[in-house]
Amino acid sequence: MNRRTFLGAVGSAASLGAFAYTRRDRSTVDTLAVRVWRSERAARYDGVRDRVREYLERFLDLPYWSLELSFGGTVAVAHEDGARVTTRGEWPLTLAGGLAGASDLEPAADVNLLVTDGGMVDAPTGYGLPHVASVGGARHLAALEPIDELPATVPDAEDENPDVPIDHPIVPLTTPTRTMQVLLHEVGHALGLDHDHGVVFRSGETVVATPMLSTYAFSSSYDGDRSACKTAYPETTGRDRAITLSFSGCARRRLETYAGDVRP
């Protein structure tokens, strides 16, 4: 990505932040406005919209706000890569055009998510900027089980950890579940979360990663050893791996302070 494209993308994100700022009382966000679009190819897969809706409604409808989730239709994109569509500026600039009245696309105040048909093998598979997110894997989202049919177990943490999301279950690490976790990860970035707002924890013989840390937890190249809330990460080698789709306690405490004024 060249400097001009990057600055255009960041500038578009800042414009969306200013848009959110002017619409809100800065002390609180009672309603979190999230809008989801699909690329034309992503829209070909039956079930994508239903899966995104039910999983976001479950994992993003938190006690301190009500979730206002809407869908903005389909978007023509030059390429389907779930990260490049944002990092190269295409998706942020499309949103900025809608904000400026150059198209009938209407950005939401908090999160504007684009789902594409990009692959989920070569990272990055999605990207998040303030108020802007994109992710590939539409075919895998369509293949994901309805949320009430998803195989799951209750966390059994080895020690008392306030950042372990006890209220939501552990799910197997499959391509469809990982794709949904990446989607939640990029939404988290759009709301101001960083990777270290996630945690990895032990549950029996399994190590489990929450959305913001995601499978970085299992990579030898990731050099973080504790969360932003100072929770130490356990060793992950030699153990079974799984994920949770619920944000960690550390991430939730950060989200509770969100007032719509995220900046790049």
| message | Considering only residues that are out of contact with any helix residue (DSSP H, G or I) (no Cβ under 6 Å at 6 or more places or on another chain) and outside any loop (DSSP other than H, G, I, E, B), which ones fall in segment 114-140? | response | Arg139
| task | Go through (1) in a loop (DSSP other than H, G, I, E, B); (2) more than 30 Å from Trp91 (Cα to Cα) and name the single condition Phe201 misses. | result | (1)
| field | Residue count for segment 220-245, restricted to those that are under 11 Å from Val199 (Cβ atoms), assigned to a loop (DSSP other than H, G, I, E, B) and either in contact (Cβ under 8 Å) with a residue 60 or more places away in the chain or not small (Gly, Ala, Ser) (or both) | value | 6
| field | Set Arg26, Arg49, Arg44, Arg53: member being loosely packed, with under 14 Cβ neighbours inside 10 Å and either at pLDDT 95 or above or among the basic types (Lys, Arg) (or both) | value | Arg26
| remark: Selection from segment 70-83 of residues surrounded by 20 or more Cβ atoms within 10 Å (Cβ to Cβ) and either closer than 13 Å to Leu113 by Cβ or without any contact (Cβ under 8 Å) to a residue 24 or more places away in the chain (or both) yields Val75, Gly82
| query | Does Val164 satisfy being touching a Phe, Trp or Tyr at 6+ places or on another chain (Cβ under 6 Å) and of a type in the set (A, V, I, L, M, F, W, C)? | reply | yes
| task | Any chance you could count how many residues in segment 159-212 are surrounded by 17 or more Cβ atoms within 10 Å (Cβ to Cβ) and under 18 Å from Pro130 (Cα atoms)? | result | 18
| Before we move on, is Ala259 surrounded by 17 or more Cβ atoms within 10 Å (Cβ to Cβ) and either hydroxyl-bearing (Ser, Thr, Tyr) or touching a residue at least 24 places away in the same chain (Cβ under 8 Å) (or both)? | no
| Residue satisfying condition, being farther than 19 Å from Gly137 by Cβ, without any contact (Cβ under 8 Å) to a residue 40 or more places away in the chain, out of contact with any strand residue (DSSP E or B) (no Cβ under 9 Å at 6 or more places or on another chain) and not aromatic (Phe, Trp, Tyr), within set Gly97, Gly119, Gly89 | Gly97
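The values are calculated or read from the model by the stated rules, or taken from the named source; none is laboratory data. Small disclaimer: the values here were computed from a predicted structure and weren't measured. Cβ coordinates were reconstructed from backbone atoms using ideal geometry, including for glycine residues, and neighbour counts include every protein chain displayed.
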